[in-house]
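What follows is a structure written as structure tokens; I'll ask about it next.
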Protein chains: 2
Amino acid sequence: MDAEPRAEGHERVAIRVHHWLRTELMRSRFRPGEKLKLRTLAEELGVSLTPVREALARLVSENALEQIDHRSARVPVLSDERLREVCELRIDLEGKAAERAAERASSADADRLAAIHARMTEARLEGRMQDMMIENERFHMATCALADMPVLLRIVEGLWLQCGPLNFALKQMRFLHKPEEHPHNAVIRAMRERDPTLARLAMQRDIAVYSDALLRRLPEINVTARA
Amino acid sequence: MDAEPRAEGHERVAIRVHHWLRTELMRSRFRPGEKLKLRTLAEELGVSLTPVREALARLVSENALEQIDHRSARVPVLSDERLREVCELRIDLEGKAAERAAERASSADADRLAAIHARMTEARLEGRMQDMMIENERFHMATCALADMPVLLRIVEGLWLQCGPLNFALKQMRFLHKPEEHPHNAVIRAMRERDPTLARLAMQRDIAVYSDALLRRLPEINVTARA
DNA sequence: GCGCGGAATATGTGATAACAAAATTCGGAC
DNA sequence: GTCCGAATTTTGTTATCACATATTCCGCGC
């Protein structure tokens, strides 16, 4: 099977599993509280236990999974306090990232952000909520990446991952903003105008609105998680 | 329901290795750029490759190690920019933690911090720099723990771990403060007086002084790392 | 002496097996 | 019918093995 003998194709299996699990968590395939079983995952992916184990260990270290009873790993059930904390940290850290990004972004960078946001809006209008969420994530990660702070970027990715399993709650969520008032637009404008403070405030408002909506839904999420 | 079913005796080997490596990294046993070899570590600890592999994978996920050429793991060589970033994030995040801690700390908590700082001062006066560093770490972690923000605590632990390999540079470092002016004292006072702003500023000053000292030393550190 | 190439060694990866602990199922006593 | 305990099954952990690739080392030719 050397379709790609040396190219991108032959990543390590453990890395592939890790990426796959990350994505599935982001797509809310697993519910909060669900236990992830080694042999089940290994069979589904057609690999042995070893790389699956490594991937799970990494996700535990990233706080994307929770080690329960010193043995199995499960998707964390976020308490109200914990979700509040994650959101608060996102507000601080993504706010800082947006601020820094606005100091450094070129107009081409701003265009890229605008393109992502356009795809996100399109998906939202067509009711493809899954795609909308993916583009939303892209928007935030792209903004963070513009700050050119790799350590911060990894931390923010970790925070997103912790909220990932909750995203399915947003699938039925009403529109949070009128399209023309969406905070992302202000973020993009701030990039073009090199206005760090505006960028920070707009990003923080975006996250705050998202957080409030999620926190209101948390009780019903954790009820369904119990089942 | 035993008193302590699996308390001390048989922790998982992989966890033990992970803790051990964390500690060794903090104690600067490994130099920046050093490659960590599976079989060497396994032999030293008297275990097989599997748990060592898992521990290394976790440390890579925690940014405490760096995956090089998609195969081996090595202790990261921090660039000037990267060290600056880590320190900047520490100033933000530990500042916030100290602020929050000051809102919630009891006077018993303040006593505990004072005790840690006293041990640190004692170690410093006696020239036991290694012990001093350990107590310094304890002081910062204990303060963060008082903030009652577990997610933040894990992030800060990760940032410390990234600086860990550099700590050996501080062994010969001159005193950064006169004992009575040490910022830790101001932090403790802020806890007693419930003064969040003072707590944040004092903690930030402490980290800033440390950071500047470390940044000045970075060139020579990275030279020795090359060897 | 220098560079090159191949062999020997070192090193990491993934699969499998043996084992231990936990969860589940089943059967019998009441 | 219910509850308790033993047997069975499930599940996670570690060690070992086979293999692929990277690195080192040595000898040969120039």
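Any chance you could list P(r) for the stretch A:13-74, counting all Cα-Cα pairs in 10 angstrom bins from zero, rounded to whole %?
For the stretch A:13-74, the pair-distance distribution reads 24, 63, 13.
With every protein chain left in place and a probe of 1.4 Å, what is the accessible surface of A:VAL77, to the nearest 10 Å²?
60
Which pairs break 32 Å Cα to Cα here: A:LYS178/B:LYS96; A:LYS96/B:LYS35; B:LYS96/B:LYS178; A:LYS37/B:LYS37; A:LYS35/B:LYS35?
Values: A:LYS178/B:LYS96 34 Å; A:LYS96/B:LYS35 34 Å; B:LYS96/B:LYS178 25 Å; A:LYS37/B:LYS37 29 Å; A:LYS35/B:LYS35 35 Å.
In this structure, A:LYS178/B:LYS96; A:LYS96/B:LYS35; A:LYS35/B:LYS35 lie more than 32 Å apart at Cα.
Calculate the spin-label point distance for A:LYS178 paired with B:THR40, positioning each point 7 Å from the Cα along the beta-carbon direction, and give it in nanometres.
A separation of 6.5 nm, rounded to one decimal place.
Quick check on the protein assembly as shown: what are the equivalent-ellipsoid semi-axes from the Cα gyration tensor, as sqrt(5λ), descending, whole Å?
Numbers: eigenvalues 247, 173, 112 Å².
For the protein assembly as shown, the semi-axes come out at 35, 29, 24 Å.
Just how large is the dipole of the protein assembly as shown about the Cα centre, in debye to the nearest 20, putting +1 at every Lys and Arg Cβ and -1 at every Asp and Glu Cβ?
Numbers: 74 positive and 72 negative charges, 112 e Å.
Roughly 540 debye, rounded to the nearest 20.
Right, another one. For B:ALA73, what residues show an amide H to amide H distance below 5 Å, using hydrogens built from the backbone and excluding near sequence neighbours?
It is B:LEU36, B:ILE68, by chain and number.
I would also like to ask the following. Just to confirm my numbers, what's the Cα centroid distance between the stretch B:93-129 and the stretch A:153-221 in Å?
That distance is 36 Å.
Along Cα→Cβ at 7 Å, what distances in nm separate the B:GLU11 label point from those on the other copies, shortest first?
3.2
If you plug each phi of the stretch A:188-204 into the Karplus form 6.51 cos²θ - 1.76 cosθ + 1.60 with θ = phi - 60°, what whole-Hz ³J(HN,Hα) values come out, in order, with x for Gly and Pro?
4, 4, 4, 5, 5, 8, 6, 10, x, 5, 4, 4, 4, 5, 5, 4, 5
Work out from phi, with θ = phi - 60° and the Karplus expression 6.51 cos²θ - 1.76 cosθ + 1.60, the ³J(HN,Hα) of each residue of the stretch B:113-129, listed in order in whole Hz, and give x for Gly and Pro.
Listing the rounded values in order: 4, 4, 5, 4, 5, 5, 4, 5, 4, 4, 4, 5, 5, 8, x, 7, 5 Hz.
If you filter the stretch A:32-103 for trypsin sites (Lys or Arg not before Pro), then keep DSSP loop positions with at most 11 other Cβ within 10 Å, what is left?
Values: sites: A:LYS35, A:LYS37, A:ARG39, A:ARG53, A:ARG58, A:ARG71, A:ARG74, A:ARG82, A:ARG84, A:ARG90, A:LYS96, A:ARG100; in loops: A:LYS37, A:ARG71.
Listed in order of number, the matching sites are A:ARG71.
I want the local charge near B:LEU41. Using Cβ-Cβ distances under 10 Å, sum +1 for each Lys or Arg and -1 for each Asp or Glu among the other residues. Before the final figure, lay out the partial values.
Values: positive: B:LYS37, B:ARG39, B:ARG53; negative: B:GLU24, B:GLU43, B:GLU44.
Local net charge: 0.
For n ≥ 4 DSSP H runs only, could you compute -39500 (n - 2.57) per run for the protein assembly as shown, divide by its residues and tell me the 222 nm figure to the nearest 500? Walk me through the numbers before you get to the answer.
On the way: 18 runs with 306 residues, N = 454.
So the helix-based figure for the protein assembly as shown works out to -22500 deg cm²/dmol.
State, to one decimal in nm and shortest first, how far the label point of B:VAL47 sits from each corresponding label point in the other identical copies (label point: 7 angstrom along Cα-to-Cβ).
2.1
Volume per residue, Å³, of the convex hull around the alpha-carbon atoms of the stretch A:80-226? Please report the intermediate quantities before stating the final value.
Working: hull volume 13.8 nm³, N = 147.
Enclosed volume per residue, from the Cα hull, is 94 Å³.
Measuring label to label, 7 Å along Cα→Cβ, what does B:ARG217 give against each other copy in nm, shortest first?
Nearest to farthest, the other copies are at 4.9 nm.
Leaving out ligands, DNA and RNA but keeping every protein chain, what accessible area does B:ARG189 have, in Å² rounded to the nearest 10, with a 1.4 Å probe?
110
For the stretch B:100-153, what is the relative contact order in percent, using Cα pairs closer than 8 Å and at least 6 residues apart in sequence?
Values: 41 pairs, mean separation 24.1, N = 54.
Relative contact order comes out at 45 percent.
The values are calculated or read from the model by the stated rules, or taken from the named source; none is laboratory data. Keep in mind the model is a prediction, meaning the values are calculated, not measured. A quick note on method: Cβ atoms are made from the backbone with ideal geometry, for glycine too, and the neighbour counts reach across all protein chains shown. What goes into the accessible areas is simple: the full protein's heavy atoms, side chains included, and nothing from ligands, DNA or RNA. Shrake-Rupley method; radii C 1.70, N 1.55, O 1.52, S 1.80 Å.
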